[in-house]
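Here is the structure we will look at.
The values are calculated or read from the model by the stated rules, or taken from the named source; none is laboratory data. In this text, all values refer to a predicted model and were calculated from it rather than measured experimentally. Heads up, the Cβs are rebuilt from the backbone with ideal geometry, glycines too, and the neighbour counts pull from every protein chain shown. Please note that ligands, DNA and RNA were not included when accessible areas were found on the heavy atoms of the full protein model with its side chains. Shrake-Rupley method; radii C 1.70, N 1.55, O 1.52, S 1.80 Å.
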Amino acid sequence: MIETPSLVDQYCHGVLRTELGLGTFEAHLARGEGPPAPGTTFFDTQTGFAVRRWCPPLLGLEPHCPPARYLARRRELGVLEAGRRLLRGSGITTYLVDTGLPGDLTGPGEMASTGDADAHEIVRLELLAEQVADTSGTVESFLANLAESVHGAAAHAVAFASVAGVRHGLALAPEPPGPGEVRGAAGRWLAHRPVGGPLTDPVLLRHLLWIAVASGRPLQLHAGFGEPGLRIDRTDPVLLTDFVRATAGLGTALVLLHGYPYHRHAAHLAAVFPHVYADLGAELVRTGARATAVLAEVLELAPFGKLLFSSGAHGLPELHVVGARLFSEALARVLGTWVAEGAWSLTDAQRVAALIAEGNARRVYGLE
């Protein structure tokens, strides 16, 4: 049996602090642009079935129990106790938490205490720039404060994350924008931006990426599916090829998040470029019972020292559980098959499983 007793969740978000009704819970299962079609439910998805398989036993119920019964038990325990049982039953020992999403979500400290685990912060670049813009009166002060804020964040965060692919698309010019280009873009953005307005300007997005690269902290880049309404064709990681090539040799690791359904493209980039790594997160949560096949496709191409487990979870502690269990089960099946066929030794399979589950993340992010 191939085991992954300790997991580093190298990309996730906090969990909601509020009680959830059926509709709200379902919305977090799918994160679509609206409610399910009339007469249907988001529980009837690979993610929904995985939640019903893995989470009820952690709350004292039988696997595959009806959604209504599960949610009733969740409310009976209360959001804090349910969250504690779920996170502590996930097998995750370290969380790297992107704190850049709105809503009443727990931060790294609460994730650590609730999950009886270690936790570290990932700083989202675009939110950081928006916060700086809210408090900077001129273009010059904005650019100076932005550089200072990124430098300051690098002192405590384990990584930066960018949603440039979500905001604009990954087909950005690969080179750093010049100072005049940056000042012009900042002036236009600040002149028309309401307080709290999102950053979508491609010049400023590139500027942010290059400031982050200069910090030396690992840079996580969202690719593949993500936010509702996203034009997924604009987030194929292959569109990053020129940027990846331009950043080679600078000492900054690039981590391609999610990737699915372009996971083979992400695996290819990880195979070709020494500083590129591929995430195994949300693609497994979304594919559920098909996670084994998807994971095998990534393992076809990527060096095993370039793959990182994550849950990609947001809002529901159930998604941390599902991400961890699907990953561990899928990895055990894939590697176990290769051992049974004689292609791998059991020793090598266990070593690779430990690398992907935690060892690679500890090396990339400098975790003790």
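Residue under question is L239, and the condition is that it be in a helix (DSSP H, G or I) and within 25 Å of V364 (Cβ to Cβ); does it hold?
yes
Might you check whether a residue that is open to solvent by 10 Å² or more (accessible area, probe 1.4 Å), farther than 23 Å from L29 by Cβ and modelled with pLDDT of 95 or more occurs anywhere in segment 252-260? Give the derivation first.
Applying the first criterion (open to solvent by 10 Å² or more (accessible area, probe 1.4 Å)) to segment 252-260 yields 253, 258, 260.
Checking the rest, the ones that are also farther than 23 Å from L29 by Cβ come to 253.
With the extra rule that they be modelled with pLDDT of 95 or more, the set shrinks to 253.
Yes, some residue in segment 252-260 is open to solvent by 10 Å² or more (accessible area, probe 1.4 Å), farther than 23 Å from L29 by Cβ and modelled with pLDDT of 95 or more.
Mind checking whether some residue in segment 274-287 is without any contact (Cβ under 8 Å) to a residue 24 or more places away in the chain, assigned to a helix (DSSP H, G or I) and either open to solvent by 30 Å² or more (accessible area, probe 1.4 Å) or closer than 18 Å to V166 by Cβ (or both)?
No, because not a single residue in segment 274-287 is without any contact (Cβ under 8 Å) to a residue 24 or more places away in the chain, assigned to a helix (DSSP H, G or I) and either open to solvent by 30 Å² or more (accessible area, probe 1.4 Å) or closer than 18 Å to V166 by Cβ (or both).
Looking at segment 338-354 only, could you name the residues that are under 29 Å from R88 (Cα atoms) and out of contact with any Gly (no Cβ under 8 Å at 6 or more places or on another chain)?
Across segment 338-354, the qualifying residues are L346, T347, D348, Q350, R351, V352, A353, A354.
Filtering segment 7-32 down to residues that are under 23 Å from A161 (Cβ atoms) and in a loop (DSSP other than H, G, I, E, B), which residue is most open to solvent (accessible area, probe 1.4 Å)?
Among residues in segment 7-32 that are under 23 Å from A161 (Cβ atoms) and in a loop (DSSP other than H, G, I, E, B), the one most open to solvent (accessible area, probe 1.4 Å) is R17.
When the residues of segment 196-208 are narrowed to those that are open to solvent by 40 Å² or more (accessible area, probe 1.4 Å) and in a loop (DSSP other than H, G, I, E, B), which ends up modelled with the lowest pLDDT?
Top of the filtered list is G196.
Mind checking which residues of segment 38-64 are at negative phi and surrounded by fewer than 16 Cβ atoms within 10 Å (Cβ to Cβ)?
P38, T40, D44, F49, P57, E62, P63
Test R245 against the criterion of being loosely packed, with under 15 Cβ neighbours inside 10 Å and either in contact (Cβ under 8 Å) with a residue 12 or more places away in the chain or not small (G, A, S) (or both), and give yes or no.
yes
Taking interchain pairs and intrachain pairs at least six residues apart, which have beta carbon atoms under 9 angstrom, with the first residue in segment 298-314 and closer than 23 Å to T94 by Cα and touching a residue at least 40 places away in the same chain (Cβ under 8 Å) and the second among the hydrophobic types (A, V, I, L, M, F, W, C) and part of a loop (DSSP other than H, G, I, E, B)?
Close Cβ pairs (under 9 Å, with a partner that is among the hydrophobic types (A, V, I, L, M, F, W, C) and part of a loop (DSSP other than H, G, I, E, B)) amount to L307/L280; L308/L280; F309/L280; S310/L280; H314/L101.
Which residues, taken from segment 45-64, are at pLDDT below 95 and not in a helix (DSSP H, G or I)?
T45
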